[in-house]
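First comes the structure, then the notes that go with it.
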Amino acid sequence: MSILRRLTPLGFPALIVVLLPMAWVLDDYATKTLTSILVLGLLAASVALLTGVAGLPTLGQTAPYLVGAYTAATLVRHDVSIGVVQLLAAAAAGALFSLVTAPLVVYARGVVVLMITLALGELTMTVAGRWKSVTHGTDGLLAFAAPAPLPGLVTLDTDRATYLYVLTVVAVLVGVMLLVLRSPAGALLRAARDGEARMRASGHPVAGYLTVAYVAAGGLAGAAGSLLVTVERYVSPGAGGFDISALVLLAVVIGGATSLVGALLGAGLVVATRDWIASRDWFGGSMAGHAPLVLGGLFILCVYLLPRGLLGKRTAHE
Amino acid sequence: MSDLLAVDGLGRRYGDLAALDGVDLRVAPGDRLGLIGPNGAGKSTLLNLIAGSLRPTAGRIRFDGRDVTRLAPARRARLGIGRTHQHPAVWASLPALDNVLVAARLPWGRFRAGRRAKPREHARELLAGVGLTGVEQTLAGALSHGQRRQLELAMALAGEPRLLLLDEPAAGLAPPEVEVLASLLASLPLTVAILLVEHHLDLVYGFADRITVLHSGRHVHTGTVPETRSSPEVAAAYAGVAP
Ligand SMILES: Nc1ncnc2c1ncn2[C@@H]1O[C@H](COP(=O)(O)OP(=O)(O)OP(=O)(O)O)[C@@H](O)[C@H]1O
Ligand SMILES: [Mg+2]
């Protein structure tokens with residue numbers, strides 16, 4: 001794994017270079033799957049930013065994800081057909097949601113953060129299911145019209161075009177986050193994770209830094225929500241259920257919590273495993289219902305065999 | 001009010017135990033004050049109360065003429081109170097040099113420039129000053145306990161405090177490293193007042209102008225080094241007898 005880790009700075013551009021031609025290599029079904037993986041991968045990157053880099057383990061990024069998705073779907077239904085506008089509005093909504101909920105999260109630590117964010121996620125899903133006038137409740141919102149990424153560009157009415165759009169957005173957003181994390185901002189977040197008392201003793205406003213990270217992660221999750229609507233043309237409360245939170249956290253753990261690129265790879269591994277298992281008919285029946293069991297097993301194996309995940313950084317005392 | 005730090009009737013209780021009980025303390029700008037006392041005397045408690053990482057149950061703390069008793073630790077640090085911890089606190093996943101850079105709390109622009117230029121050179125000098133050379137790029141988590149103690153001292157200095165609280169900076173250091181520490185402490189400018197907690201009495205006696213002795217949470221003595229050496233209360237405190 002150390003070779004993988006040494007190649008990390010090159011990993012992201014290389015990954016994009018590999019993914020780009022897939023648009024012309026894969027069939028429609030595989031293209032669609034890969035697109036969905038990228039969407040969940042972006043959500044996983046936002047979870048990795050909080051869990052691995054800032055030290056706030058979260059099960060609640062599905063909340064800004066849903067907020068972003070409903071924002072985008074509502075815009076589509078009001079004939080806002082420019083992808084980037086949907087994306088920015090969804091990211092802003094996710095970030096705003098996070099700004100409002102930040103006081104609940106950034107003063108807590110460890111398992112308490114997990115519980116609070118889990119509650120926020122569940123609460124958001126419940127509101128999405130009940131607030132019928134805006135969300136159409138559990139029926140969900142249809143958002144059929146395919147967007148054009150920018151004014152004057154073609155509309156995304158093929159799987160290939162949608163894939164290329166999603167890939168571009170994910171590449172840009174994750175690329176920007178990687179650059180930000182290589183700047184002093186990254187050092188400040190890692191320092192806050194490593195030793196809060198020392199940060200305070202050096203005069204750094206830790207809660208302020210964590211708020212910035214939490215809001216940025218909310219913006220990323222909101223953007224992922226917008227991409228979900230672009231791909232699925234639909235959103236319902238179930239898109240942000242606990243199973244999605246758990247799946248994404250699993251992807252982050254497998255990818256190595258400190259690595260955003262690892263989160264993308266982890267999302268690929270987890271979704272591929274889930275879909276592949278669901279399509280088997282071992283033991284004389286479909287395995288569709290047993291994917292959580294197998295994913296749970298994968299999680300345990302991963303924690304034992306790869307305690308730092310695929311691309312996780314060495315940290316303290318090793 | 002020419003005192004930099006004025007502590008009045010400061011107390012901290014844990015249930016029935018008074019870890020610190022009605023302690024008064026004055027530190028003038030540039031002072032070198034030693035703080036000694038047997039294990040459990042309340043030395044770290046006093047430091048934590050001054051730095052703000054612990055809240056007092058009684059008393060008042062003024063820094064630079066301003067009541068800071070209720071101020072958050074980060075605010076106090078920005079006012080000029082720097083510290084090290086008895087258990088060295090460093091950022092394990094950052095290289096030693098970045099630990100110093102982050103602790104220096106540079107304005108954003110200078111931090112960026114610091115990736116190459118001047119602040120980086122300054123940080124390297126601070127590391128060399130505490131006796132850490134050749135480990136600039138080593139992750140702090142991979143340093144030995146003694147090295148982490150040295151690193152945290154460099155980090156505290158990087159904040160350019162006006163009052164520096166040091167909690168046993170010599171603990172776990174080898175004799176030659178204690179020498180380095182002693183000459184570093186002696187070389188610090190008088191723009192910083194220093195409150196030194198140490199069990200290494202030779203180091204304290206060589207460094208401090210005045211010594212305060214705590215015992216069982218109470219103040220038992222303040223005086224010059226010769227006064228302290230010959231004080232019967234101090235001898236009694238160290239013999240484990242209540243003064
Ligand atoms: N969190 C706590 N809960 C209960 N008692 C505590 C706590 N922290 C410190 N104490 C007690 O307060 C007293 C003073 O402790 P303190 O750490 O200030 O002593 P010290 O002078 O720094 O000792 P040492 O030289 O061993 O570092 C001790 O009796 C200690 O057991
Ligand atoms: Mg102590």
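The values are calculated or read from the model by the stated rules, or taken from the named source; none is laboratory data. This one's a predicted model, so the numbers in the text were calculated from it and none came from an experiment. Note: ideal-geometry Cβ built from the backbone for every residue, glycine included; neighbour counts use all protein chains shown. Note: areas computed on protein heavy atoms with side chains; ligands, DNA, RNA excluded. Shrake-Rupley method; radii C 1.70, N 1.55, O 1.52, S 1.80 Å.
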Length gained when the stretch B:Ala239-B:Thr69 is fully extended (0.36 nm per residue, less Cα-Cα span): 57.8 nm
Point-to-point label distance, A:Phe242-A:Asp139, nm (Cα→Cβ direction, 7 Å offset): 2.8 nm
Note, ³J(HN,Hα) from phi for the stretch A:118-126, Karplus 6.51, -1.76, 1.60, rounded to Hz, x at Gly and Pro: 4, 4, 4, x, 5, 4, 4, 5, 5
Dipole of chain B, positive end: most advanced residue of B:Leu20, B:His219, B:Leu153 [Cβ charges, Cα centre]: B:Leu153
Cα-projected label distance for B:Thr133 with B:Leu17, points at 7 Å along beta-carbon direction, nm: 4.4 nm
Assigned charges on the beta-carbon of Lys, Arg, Asp, Glu; chain B dipole about Cα centre (debye): 1120 debye
Furthest towards positive pole of dipole, A:Thr101, A:Met199, A:Phe144, structure part the stretch A:12-241, Cβ charges: A:Met199
A:Trp131 paired with B:Glu160, simple spin-label distance in nm, labels 7 Å along Cα-to-beta-carbon: 4.8 nm
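Tell me, what is the Rg over Rh of chain A, with Rh the Kirkwood radius over Cα pairs?
Values: Rg = 19.0 Å, Rh = 19.8 Å.
Radius of gyration over Kirkwood radius for chain A works out to 0.96.
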Share of pairwise Cα separations in the stretch B:166-223, more than 13 Å, in percent: 64 percent
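Percent relative contact order of chain A, based on C-alpha pairs within less than 8 angstrom and at least six residues apart? Numbers along the way, then the final one.
On the way: 538 pairs, mean separation 100.0, N = 318.
The value is 31 percent.
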Accessible area buried between chains A and B, both sides summed, probe 1.4 Å, in Å² to nearest 100: 2000 Å²
Dipole of the protein assembly as shown [Lys/Arg +1, Asp/Glu -1 at C-beta], most positive-end residue of A:Gly296, A:Leu220, A:Leu153: A:Leu153
Fraction of the pair-distance distribution of the stretch B:90-160 above 15 Å, Cα-Cα pairs, percent: 43 percent
Percent of alpha-carbon pairs separated by more than 15 Å within the stretch B:116-194: 55 percent
Extended-chain gain in nm, criterion 0.36 nm per residue less alpha-carbon gap, A:Trp24 and A:Leu293: 93.4 nm
Proximal charge balance of B:Gln86 [Cβ under 9 Å; K/R count +1, D/E count -1]: -1
Relative contact order %, chain B, counting alpha carbon pairs below 8 Å whose residues are six or more apart: 27 percent
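Leaving out ligands and nucleic acids, note down the accessible area per residue over the protein assembly as shown with a 1.4 angstrom probe, in whole Å².
43 Å²
Report, as an integer, the average count of C-beta atoms from other chains found within 10 Å of each Cβ along B:85-91. Could the numbers behind the result be given before it?
Details: counts 4, 0, 1, 2, 9, 5, 13.
Mean partner shielding for this stretch: 5.
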Ellipticity estimate at 222 nm from DSSP helix runs (n ≥ 4, -39,500 (n - 2.57)) divided over the protein assembly as shown, nearest 500: -17000 deg cm²/dmol
The stretch A:12-241 - charge dipole about Cα centre, Lys and Arg +1 at Cβ, Asp and Glu -1, debye rounded to 20: 620 debye
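When the accessible area of chain A is split by element with a 1.4 Å probe, what percent falls to carbon and sulfur?
71 percent
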Estimated FRET transfer efficiency when R0 is 41 angstrom, pair A:Tyr107-A:Arg182 (beta carbons, to 0.05): 0.90
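Output the antiparallel fraction of DSSP beta bridges having both residues in the protein assembly as shown, as a percent to the nearest 5. Mind showing how you got there, number by number?
Numbers: 23 of 40 bridges.
Around 60 percent antiparallel, to the nearest 5.
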Set of the stretch A:134-176 residues, backbone N closer than 19 Å to the point 7 Å along the Cα-Cβ line of A:Ser279: A:159-160, A:163
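Hey, got the dipole for the stretch B:90-160? About the Cα centre, +1 on K and R Cβ, -1 on D and E Cβ, debye to the nearest 20?
On the way: 10 positive and 6 negative charges, 53 e Å.
The dipole magnitude comes to about 260 debye.
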Radius of gyration, Dmax [the protein assembly as shown; alpha carbons; angstrom]: 28.4, 91
For the stretch B:97-243, radius of gyration divided by Kirkwood radius, i.e. Rg to Rh on alpha-carbons: 1.05
